[in-house]
């Protein structure tokens, strides 16, 4: 692992308890007496370990993590009280033993499998189970100094990958060949090897290399570009298509360090793009510049989206903005953290204001059927007075 990336860090105890206290405040507002967390990412966020188990957070008291597997590792990684358990059927006795009480119980109902939900409901028939998902997303949307540090380290991996890409990109090579090379560069510089999304059946690779009109192919994932992928079993990402001269090459790369995700896109070309594509790319840069001058704490995320749409429309590019035809997406940016689709959503209907400490990817893109896609994606940290870029790699088209 590169020295400038450093070694992985455990989440500090102070950090963990700060997160728990914020969730407990939300629980108090919703009159939730006890919260049960079981999803991997939420477990990691609130305990510091991703080991399998049941994390109970009572209102106003310290949490207890009942661990199924691996107990020893959980005690090494988490500052919380960890208790070994054999499984879900032991929970009623354990809750009585450790004095964990409450009838209004919060759960992550946006991600908990129905079969598991019914098992829990059958074990605790006295519970009034409530959805605590929105409160969790709200707490997680504002990053601490510790989290910002992890995100910036993730961003360094992106800088490294984009800086190296021009040395390996050759006419006639396949998308998958370049994909493999860039993945190798990322991994040797500390990439964790996974990206995570919240939501049923939502998944994606950490890199898309899409050349020419491959970038016009959409798929099931809620994204403006998807590509064909190597097989219909995946149905997104790089394919065996050969890279051609004078055609746009989209490289959409997600960094990942110590759980924290970054997500950026650049356009490469061997030769020169058609005038229409170059004009669209300049418009994407103008949209980015407008966002940078406008976004700050207190601005509604939907306002940024509407301004981006207006700029695209003034340039006569509205039909191609963030998709084409029925395949358009209704956002131009998304929050980043432990998952790639956190709050804020810079899109239609997200009327919440930006808060200092939020981190988001901003990705104005244009898709031209039969020609390809152009656009850019950059990551930003929100502050009271504006936004700060996460990475350093320039935003211009990389021409070879």
Taking segment 350-390 and keeping only residues that are crowded, with 19+ Cβ neighbours inside 10 Å, in contact with a helix residue (DSSP H, G or I) (Cβ under 7 Å, 6 or more places away or on another chain) and in a loop (DSSP other than H, G, I, E, B), one is left with 350, 354, 358, 364, 371, 376, 390
Does residue 347 fit the bill of being more than 17 Å from residue 148 (Cα to Cα), at pLDDT 95 or above, surrounded by fewer than 22 Cβ atoms within 10 Å (Cβ to Cβ) and touching a helix residue (DSSP H, G or I) at 6+ places or on another chain (Cβ under 7 Å)? yes
Scanning segment 119-145 residue by residue, the ones that are touching a residue at least 60 places away in the same chain (Cβ under 8 Å), over 16 Å from the mean Cα position of the chain (by Cα) and farther than 14 Å from residue 46 by Cβ total 2
Residue in segment 303-320 that is touching a residue at least 40 places away in the same chain (Cβ under 8 Å) and out of contact with any strand residue (DSSP E or B) (no Cβ under 8 Å at 6 or more places or on another chain) present
no
Residue set 255, 337, 298; condition part of a strand (DSSP E or B) and either within 18 Å of residue 388 (Cα to Cα) or out of contact with any strand residue (DSSP E or B) (no Cβ under 9 Å at 6 or more places or on another chain) (or both); output residue 255
Residue hits (segment 306-333; closer than 15 Å to residue 363 by Cβ and assigned to a helix (DSSP H, G or I)) are 307, 308, 309, 311, 312, 320
Checked against (1) modelled with pLDDT under 95; (2) touching a strand residue (DSSP E or B) at 6+ places or on another chain (Cβ under 8 Å); (3) not assigned by TED's automatic domain parsing to the domain that holds residue 373, residue 211 satisfies every condition except (1)
So the strands (runs of 3 or more DSSP E) completely within segment 13-116 holding 1 or more residues that are closer than 26 Å to residue 145 by Cα are 34-37, 52-58, 64-69, 81-84
In the set 45, 17, the lone residue that is buried (at least 23 other Cβ atoms within 10 Å of the Cβ) and under 19 Å from residue 338 (Cα atoms) is 45
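The values are calculated or read from the model by the stated rules, or taken from the named source; none is laboratory data. Predicted model, so just to flag it, every value in this text is computed and none were measured. In this analysis, Cβ positions are derived from the backbone assuming ideal geometry, glycine residues included, and neighbour counts consider all displayed protein chains.
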